[in-house]
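Report on one structure; see the data block that follows.
FYI, it's all coordinate maths here, none of it is from the lab. Note that the coordinates shown come from a computational prediction; the quantities given were computed from them, not determined experimentally. Ideal geometry is used to build each Cβ from the backbone, glycine not excepted, and the neighbour counts take in all protein chains shown.
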Amino acid sequence: MIKRHLGFAFNVLALGLFFPGILLPMFSLNMEMAASVGGSTLSSALVDKELSIMATIDELWHDQRLLVAFLIFLFSVIIPLVKTALVTLAYFQPGTRLASKLYEFVAQIGKWSMADVFVIAIFLAILSTNHAETTESHQFSVFGFKMGLDISTQTLSNVGTGFYFFAAYCVVSLLGTQLALWGHRNPPTS
């Protein structure tokens, strides 16, 4: 019985972590280019953005990358919400045939809920570009004067608050669902 209650409590906590996880910035990406000529430097930001999961979905949708936007939305928003709703409904139907069917279905889609962890892995891969810097040097002549031109780019990325909320959601949700399933499969004996 305690596992069932703990599972429900963890799923409620996971839901509290979920919304900041999808709405707060998951990461920030900054790319700058600098050009130096004769001691003078001109720099410009090429990319400067913070993206949450929902902002990423929106940007992909507007860029006509509909399949990728849909898959991220499905695996990072829809399936977690459906799973939490079903576990909650099953919690309020203890010992019934409906609860058994709901828990069985949640166990089946549980494999698909690992896709939200995959989304985190994708964001981490993006973050691995941190501090990638390239520099090119060129020599040219203007009116007989030789000048050097150095062009450099630097990419910086940082983890945002949303990353930590979403990662915590993934762990707490998996734990809560597992506890709920154990509590259902192993009811207390009197």
Can you check what the Kirkwood hydrodynamic radius comes to for the chain, Cα pairs only, in Å to one decimal?
-> 19.5 Å
Pairing the Cα long axis of helix 161-185 with the longest principal axis of the chain, what angle in degrees results, from 0 to 90 and rounded to the nearest 10?
-> 20 degrees
Where is the GNM fluctuation largest for the chain (alpha-carbon springs, 10 angstrom cutoff): 142, 77, 47?
-> 142
With each label point set 7 Å from Cα along the Cα-Cβ vector, what nm distance links residue 34 and residue 97?
-> 7.2 nm
With at most 15 other Cβ atoms within 10 Å, longest stretch of the chain clear of loop trypsin sites (Lys or Arg not before Pro) (DSSP) | 112-190
Work from the charge dipole of the chain (Cβ charges, +1 for Lys and Arg, -1 for Asp and Glu, about the Cα centre) and give the residue of 80, 135, 61 farthest towards its positive end.
-> 80
Sum -39500 (n - 2.57) across every DSSP H segment of at least 4 residues in the chain, then divide by the residue count to get the 222 nm mean residue ellipticity, nearest 500.
-> -18000 deg cm²/dmol
Highest GNM mean-square fluctuation among 75, 105, 18, for the chain with Cα springs under 10 Å, belongs to 105
Helix 79-91 vs. the chain, principal-axis angle (Cα, 0 to 90°, nearest 10) = 20 degrees
Principal-axis tilt of helix 115-127 within the chain, Cα atoms, nearest 10 degrees | 20 degrees
What FRET efficiency comes out for the pair residue 82/residue 61, r = Cβ-Cβ distance, R0 = 35 Å, nearest 0.05?
-> 0.95
Highest GNM mean-square fluctuation among 25, 80, 94, for the chain with Cα springs under 10 Å, belongs to 94
Taking only pairs that are 8 or more places apart or on different chains, how many Lys pairs in the chain have Cα atoms under 25 angstrom apart?
-> 6
Could you pull out which residues in segment 23-39 have an amide N less than 19 Å from a spot 7 Å beyond the Cα of residue 140, following the Cα-Cβ vector?
-> 33-39
